[in-house]
Amino acid sequence: LLNNMDIQTTYQQTILYAAAKHQAVKQRLPGTENLPYVIHLSDVAMEILIASQHTENFNTKLAVQAALLHDVVEDTKTTLDELRLIYGEEVTEAVSALTKNDELTTKEEQMVDSLKRIQSQPKEVWAVKLADRITNLQKPPSKWTKQRKINYHAEAQMILDALGEGNAYLASRLATKITEYEFYFKS
């Protein structure tokens with residue numbers, strides 16, 4: 001269906017699909033009362049589009065689709081089978097790797113498992129995970145404890161350590177964000 005389209009058309013069609021799916025479950029941007037979740041998805045895709053300009057042999061179409069769809073199975077009623085019908089095997093496998101396995105009991109087990117699955121994917125999928133955490137390392141929700149902020153920071157470092165070699169541009173951005181995030185639990 002989306003085989004030979006330009007990147008703008010691919011982006012526009014994919015963001016509409018993802019936005020509708022996240023809106024259907026009334027998902028909001030964390031830390032806000034009423035901003036739609038699609039803001040996060042577009043932020044991740046923006047990181048990918050900029051990274052694509054700094055990365056040789058980069059499949060921008062795959063990366064943009066994975067960026068916009070990375071939370072659709074984890075957070076909505078969308079299934080991998082539905083994605084496969086619309087976006088094909090490569091995008092579906094990317095989204096699957098980026099989706100936490102909720103059968104694993106701890107957040108750490110889920111992260112280690114997801115990172116292993118991402119590492120078996122093309123480097124563009126690694127880039128999406130890096131971009132996702134870059135956009136998430138903003139001011140944490142006010143209800144977060146100091147320990148939760150410290151844990152989130154450590155998890156970001158784990159992501160950088162596991163996937164940083166997949167995209168030098170995004171690894172550098174994430175390293176900077178990790179350092180900046182320390183402000184939130186030092187004060």
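The values are calculated or read from the model by the stated rules, or taken from the named source; none is laboratory data. All of these numbers come straight from a predicted model, not from anything done at the bench. As a convention, Cβ positions derive from the backbone with ideal geometry for all residues, glycine included, and neighbour counts pool all protein chains shown. Side chains included, ligands, DNA and RNA excluded: accessible areas come from the protein's heavy atoms. Shrake-Rupley method; radii C 1.70, N 1.55, O 1.52, S 1.80 Å.
About its Cα centre, how strong a charge dipole does the chain have in debye, to the nearest 20, once Lys and Arg get +1 and Asp and Glu get -1 at the Cβ?
Dipole of the chain, to the nearest 20 debye: 720 debye.
For segment 125-187, which trypsin sites (Lys or Arg not before Pro) pass both filters: DSSP loop (anything but H, G, I, E, B) and at most 14 other C-beta atoms within 10 Å? Spell out each step's value before the answer.
Working: sites: K129, R133, K143, K146, R148, K149, R173, K177, K186; in loops: K143.
Hits after loop and neighbour filter: K143.
Between H54 and Q119, 0.36 nm times their residue separation minus their Cα-Cα distance comes to what?
21.3 nm
Would you mind working out the magnitude of the charge dipole of segment 1-70 relative to its Cα centre, with +1 at each Lys and Arg C-beta and -1 at each Asp and Glu C-beta, to the nearest 20 Debye? Please list the in-between numbers first.
Values: 4 positive and 5 negative charges, 60 e Å.
Roughly 280 debye for segment 1-70.
What whole number of Å gives the distance from the Cα centroid of segment 2-80 to the Cα centroid of segment 82-142?
13
What angle do you read, to the nearest 10 degrees and between 0 and 90, between the alpha-carbon axis of helix 123-136 and the longest principal axis of the chain?
The answer is roughly 50 degrees.
For segment 100-187, give the magnitude of the charge dipole about the Cα centre (Cβ charges: +1 Lys/Arg, -1 Asp/Glu; no others), in debye to the nearest 20.
Around 400 debye, computed over segment 100-187.
Identify all aspartates and glutamates with a Cα-Cα distance to K143 below 14 Å; exclude those on the same chain that are fewer than 8 residues away in sequence.
E33
Identify the GluC sites (Glu not before Pro) of segment 1-72 meeting these criteria: DSSP loop state and at most 12 other C-beta atoms within 10 Å of the C-beta.
Answer by residue number: E33, E56.
Which trypsin sites (Lys or Arg not before Pro) from segment 5-43 combine a DSSP loop assignment with at most 14 other Cβ atoms within 10 Å?
Passing sites in segment 5-43 are K26.
What accessible area, in Å² to the nearest ten, does a 1.4 Å probe give for D6?
Surface accessible to solvent at D6 totals approximately 80 Å².
Between Q12 and N151, what length in nm is gained on full extension when 0.36 nm per residue of separation is reduced by their alpha carbon distance?
Numbers: separation 139, 0.36 × 139 = 50.04 nm, distance 3.50 nm.
Answer, rounded to one decimal: 46.5 nm.
Working with all protein chains in place, sort M111, M46 by solvent-accessible area computed with a 1.4 Å probe, largest first.
M46, M111
If you line up the long axis of helix 146-163 against the longest principal axis of the chain, both from Cα atoms, how many degrees apart are they, to the nearest 10?
The answer is roughly 50 degrees.
Mind ranking S52, S142, S172 by accessible surface for me, highest first, 1.4 Å probe?
S142, S172, S52
Using a cut-off of 11 Å between beta-carbons, work out the net charge of the residues near H22 (Lys and Arg +1, Asp and Glu -1, H22 not included).
Once all neighbours under 11 Å are counted, the net charge is +1.
Need the full-extension length gain, K77 to S142, defined as separation in residues times 0.36 nm minus the C-alpha distance. One decimal, nm.
Numbers: separation 65, 0.36 × 65 = 23.40 nm, distance 2.85 nm.
The span from K77 to S142 would gain 20.5 nm if fully extended.
With a point put 7 Å past each Cα toward its Cβ, work out how far E165 is from E33 in nm, to one decimal.
According to this spin-label approximation, the distance is 4.8 nm.
Using each residue's phi in segment 80-93, evaluate 6.51 cos²θ - 1.76 cosθ + 1.60 at θ = phi - 60° and report the 3J(HN,Hα) Karplus result to the nearest Hz, with x for Gly and Pro.
Per residue, the Karplus-derived 3J(HN,Hα) values read 4, 4, 5, 4, 4, 5, 8, 10, x, 5, 4, 5, 4, 5 Hz.
Name the residue, out of I39, I118, I48, whose mean-square fluctuation peaks in a Gaussian network model built on the chain with Cα pairs under 10 Å.
I39
Rounded, prolate or oblate: which fits segment 47-98 when a ≥ b ≥ c are the square roots of the eigenvalues of the alpha-carbon gyration tensor, with rounded for a/c under 1.5 and prolate only if a/b beats b/c? Provide the component values of the computation, followed by the final result.
Values: a/c = 3.07, a/b = 1.95, b/c = 1.57.
Prolate, because a/c is 1.5 or more and a/b exceeds b/c.
Just how much of T10 is accessible, in Å², when a 1.4 Å probe is used and the result is rounded to the nearest 10?
Accessible area, nearest 10 Å²: 0 Å².
Using alpha carbons only, how many degrees (0 to 90, rounded to 10) separate the axis of helix 38-52 from the longest principal axis of the chain?
Tilt relative to the chain: about 80 degrees.
Measuring with a 1.4 Å probe in the full set of protein chains, what accessible area per residue, in whole Å², belongs to the chain?
In whole numbers, the chain has 53 Å² accessible per residue.
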